[in-house]
Structure formats: C-alpha cells, structure tokens
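The values are calculated or read from the model by the stated rules, or taken from the named source; none is laboratory data. All figures in this text were calculated on a predicted structure; none of them were measured in a lab. Every residue, glycine as well, gets a Cβ built from its backbone with ideal geometry; the counts of neighbours run over all protein chains shown.
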Amino acid sequence: MEFVEINAGRFYLRALRADDRIDDRQAIVEGFADPESRRWLSHLDVSDLDRAEAYIVRRAQGWAEETRFSWAVAEPTTGDLLGEVLLKEVDLAAGTAEAGCWTHPSARGRGMATEALGAVLRFGFGALGLKEIVYKHSPGNEASARVAAKLGFTVVTETDERIVLVLRND
C-alpha cells in the first residue's frame, strides 16, 4: 500500500523521513534515549543515527507489506518530529490491528498522542475496514492509560506485566 498522509488537526501525520529535506533520525534517537521512553520501550534499540535510519526503513517496509502502518507526528509549520503513531500486527483479512505510539520528550503533555492516534484509529476503521484494534501498555504507564481511556478503549485483560485494551467498530 502507498503511504497515506493525514491532517490530524493540530498535527500533521506523514512518513518518517531521512532525506535531504527532512531528517527525523536525531529526533528519533532523542525520543528513544529519554529515560521515560527507555522505561516503557526498552525492547527497542534506536541509540544512534544508523539505527534510527534502519528504524525508518522498517517503517516503510511495513507499509509495503501492509503489516504495519506508521506515521510521524509532525508540527505542521516546521515538519519537526513530535512522536509516532502506528497500527501494527495488521491483519486486513481478519480486520484486526494493534495501536501504538510514542512521544518525543519535548512534545509531552499537549494531547498530541491522543489526537494523532485518534486520527489513525479513524483511518484504520474507515479506510482499512478494521473491526477491532487492540492497545497494550504496562501497568504504571499512566500516560498510555490516559491515551487509551480518552480514545474509548476498554480493558480486556490485566496482569502484572501487561494491560490489554480493545476498541471495536460495531
């Protein structure tokens, strides 16, 4: 599938980039180096510009394979990367996916993740025809819990390691 840009109100959702016009690599490294991000996203190693570039390439491959649809959340006037929102584990035949997001430390506390992910959920249900989107976060990740609650996700299971929520398009 070709990449789809989304106007998400205060934010612009575009492809992650590393080219001569826009280079998101440094912002990605900063985002994943932040202690709060490392706490919740410790399974991802995006610690230098080469790894950030590989991260961007994997995101483009996800679109091509129709298994992961990822958007850079950008400030609309500068194009600066503020975070990322995505649908992963996409199964178009079954109509299911998992939503995810991360926010650059400089962009936290402005409702960006909720607004941008809300636009992606509408895209998933509308354009992709998804029936169910799951959202997972660790207990104690209050920011993720707030995003999920504001978007209408409901808890399906809760363990000491993971909270699983779901949103259905009935």
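Considering every residue within segment 71-81, establish whether at least one is out of contact with any helix residue (DSSP H, G or I) (no Cβ under 7 Å at 6 or more places or on another chain), crowded, with 21+ Cβ neighbours inside 10 Å and acidic (Asp, Glu).
No, that holds for no residue.
Tell me the residue from 52, 113 that is surrounded by 20 or more Cβ atoms within 10 Å (Cβ to Cβ) and in contact with a Ser or Thr (Cβ under 6 Å, 6 or more places away or on another chain), please.
113
Under 7 Å between Cβ atoms, at least 6 apart or on separate chains: pull out the pairs that start in segment 104-120 with a residue that is of a type in the set (D, E, K, R) and end on any residue that is at pLDDT 95 or above.
These pairs meet every condition: 115/11.
Output the residues belonging to segment 99-122 that are over 13 Å from residue 31 (Cβ atoms) and in a helix (DSSP H, G or I).
114, 115, 116, 117, 118, 119, 120, 121, 122, listed by residue number.
Give the residue, chosen from 46, 120, 90, that is closer than 28 Å to residue 149 by Cβ and in contact with a Cys (Cβ under 9 Å, 6 or more places away or on another chain).
Every option except 120 fails the conditions.
If a residue has to be of a type in the set (Gly, Ala, Ser), outside any loop (DSSP other than H, G, I, E, B) and free of Cβ contacts under 8 Å to residues at least 40 places away in the same chain to count, how many in segment 1-47 make the cut? Please lay out each step first, then the result.
Our first condition is that a residue be of a type in the set (Gly, Ala, Ser); within segment 1-47, this holds for 8-9, 15, 18, 27, 31, 33, 37, 42, 47.
Pick out the ones that are also outside any loop (DSSP other than H, G, I, E, B) and you get 18, 27, 31, 33, 37.
If we keep only those that are free of Cβ contacts under 8 Å to residues at least 40 places away in the same chain too, we end up with 18, 33.
Final tally of qualifying residues: 2.
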